[in-house]
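For reference, the structure is listed below as structure tokens.
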Amino acid sequence: MNFPKANSFSTSIMRERSMGPNPLKLCEELLEYADIHAGSVVLDLGSGAGLTSALMAREFGLTVYAADLWSDPSDNMRFFEACGLTNRQIIPLKADATALPFAHEFFDAVVSVDSYNYFGRDPRYLGGHLLPLVKRGGELLFAIPGMVRDCHDDLPACLLASWTPEQLDYMHDMSWWRVNIEQTEDVEVLDMREMACTREAWADWIGCDNEYAAGDRAAVEAGALDHLNTIAVRLRRR
């Protein structure tokens, strides 16, 4: 794939602010299939260091609430301002995914890149915490780190080169996520697919010069991506 929007950010910025496989490319591919228009109000759930939020605000013209539990909103705001964005285009905040401080039907859409698997594995989460915040007819788009096929009962050695069984328990395959999501009323599954940019996004990540990327490098070089994928999920609130 070509990534004109993701590549509008420098490699140095991507490497400095990434917290996993290149979130800019994952986000651009995810939004390629979305029905979200410029001016829409969007929740970026698990926004990390702000790359996906900046991409959506600057390149897609969305008004973005960048919500993350672990990142510093002040640091993210400085980054957004350096990108030429104002607090009318993007609003950073610290928030727990299970206690989001928003009114019901506040958002036109929700986007979550490389984070939904941390809180969405509980099948009650979607209907109990997230779906009510989206307007009826609005879309929810997730890029979820997953497995080609669940293999928790016989984990390949290449995966264990970097991650523990407990860490890998956050990853599941597409059929597992479909069962999880379809337990929620008032949500329609529009699409669920393997993302095309997974290997490229991982290559960008393990090229970063930080301890977390270095820790993941052994598994990737041993063949982990034969077993891992990224699952794009597109939902609509009925």
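Ordering 56, 77 from the fewest to the most neighbouring beta carbons within 10 Å gives 77, 56.
Mind ordering 165-174, 112-121, 12-21 by average Cβ neighbours within 10 Å, highest first?
Answer by packing, highest mean first, reads 112-121, 12-21, 165-174.
At full extension, residue 121 and residue 37 could sit 27.4 nm farther apart than now, given 0.36 nm per residue minus the alpha carbon distance. Rounded to the nearest 5, the antiparallel percentage of DSSP beta bridges internal to the chain is 45%.
Charges only on Cβ, +1 for Lys and Arg, -1 for Asp and Glu: so what's the dipole of the chain about the Cα centre, in debye to the nearest 20? Mind dumping the intermediate values first?
On the way: 21 positive and 36 negative charges, 144 e Å.
Result for the chain is approximately 700 debye, rounded to the nearest 20.
As an exercise, use a Förster radius of 41 Å and the Cβ-Cβ distance of residue 222 and residue 13 to find the FRET efficiency, rounded to the nearest 0.05. My answer for the efficiency is 0.90.
For residue 94, the lysines whose Cα comes closer than 25 Å to its Cα, not counting residues fewer than 8 places off in the same chain, are 25, 135.
Over every Cα atom in region 73-195, the radius of gyration and the widest Cα-Cα span, Dmax, amount to 17.0, 49 Å. At an R0 of 25 angstrom, the distance between the Cβ atoms of residue 148 and residue 179 translates into a FRET efficiency of 0.90.
Simple point charges give the picture: +1 on the Cβ of Lys and Arg, -1 on the Cβ of Asp and Glu, and for region 59-166 a dipole about the Cα centre of about 360 debye. Each residue in 230, 63, 11 was given a count of other beta-carbon atoms within 10 angstrom of its own, and listing them fewest first yields 11, 63, 230.
Just so you know, all these numbers are worked out from the coordinates, no wet-lab data involved. Only a predicted model underlies this, so the values are computations on that prediction, with no experimental measurement involved. Cβ: placed from backbone, ideal geometry, glycine included. Neighbour counts: every protein chain shown.
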